[in-house]
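J.: What follows is a structure written as structure tokens; I'll ask about it next.
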Amino acid sequence: MVIFMTKRFPDWKFPEFDENGMTKWNWKCQYHENLKLGDNTDIGSFTYINARYGVEIQEGVEIGSHCSIYSHSTIDNKTGKVVIKKNAKIGSHTIVMPGVIIGEGAIIGAFSFINRDIPNDVVAYGIPVRIQNKP
């Protein structure tokens, strides 16, 4: 699958975080020193990112509002870097668990629970997430 990338934000800049990890766009990142954010990313309001063990969001990624991305889960004590590769799109209210890699160009449906790696260029959704098609 070939994705034509247009520059959505001509003046895109890395976000600034206040003392609570909030941005002016109303999304939050704890341990933002461990957040690697590619150019032209778009993260929706009320999204929460826990980057304690590293979160990498590559260029052109779009994340809907009210998502949660965890590199550390206090429920089951799992840890691991989360990687969301170039041009992936994640629907609103989705949860991404520790150690997950979401492939380049993947599209994740809203209200999904991502507890395993997602390949490049697929559509996936559900609780737990299921891959709906492969190229």
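J.: Taking neighbour Cβ counts within 10 Å as the exposure measure, how do K13, K81 sort from fewest upward?
T.: Details: K13 7, K81 17.
Ordered by Cβ neighbours within 10 Å, fewest first: K13, K81.
J.: Still on this structure: Normalised by the number of residues in the stretch 28-131, what is the relative contact order in percent for Cα pairs under 8 Å and 6+ residues apart?
T.: Values: 333 pairs, mean separation 19.6, N = 104.
Relative contact order comes out at 19 percent.
J.: With springs only between Cα atoms under 10 Å apart, run a GNM on the chain and tell me which of E59, E104, E33 wobbles the most.
T.: Comparing E59, E104, E33 in the GNM, the peak value goes to E33.
J.: State, in angstrom, two size descriptors of the chain derived from its alpha carbons: Rg to one decimal place and Dmax to the nearest whole number.
T.: Cα-based Rg and Dmax for the chain come out at 13.9, 44 Å.
J.: Multiplying the sequence separation of K78 and D18 by 0.36 nm and subtracting their Cα-Cα distance, what value in nm do you get?
T.: Gain in length upon complete extension: 18.9 nm.
J.: While we're looking at this one, here's another question. Which shape class, rounded, prolate or oblate, goes with the stretch 69-120 when its Cα gyration tensor gives a ≥ b ≥ c as root eigenvalues, a/c under 1.5 marks rounded, and past that a/b bigger than b/c marks prolate?
T.: Details: a/c = 2.53, a/b = 1.50, b/c = 1.69.
The shape class here is oblate.
All of the numbers you see were taken from the coordinates with simple rules; none came from a lab. From a predicted model like this one, the values you see are computed outputs, not experimental measurements. A quick note on method: Cβ atoms are made from the backbone with ideal geometry, for glycine too, and the neighbour counts reach across all protein chains shown.
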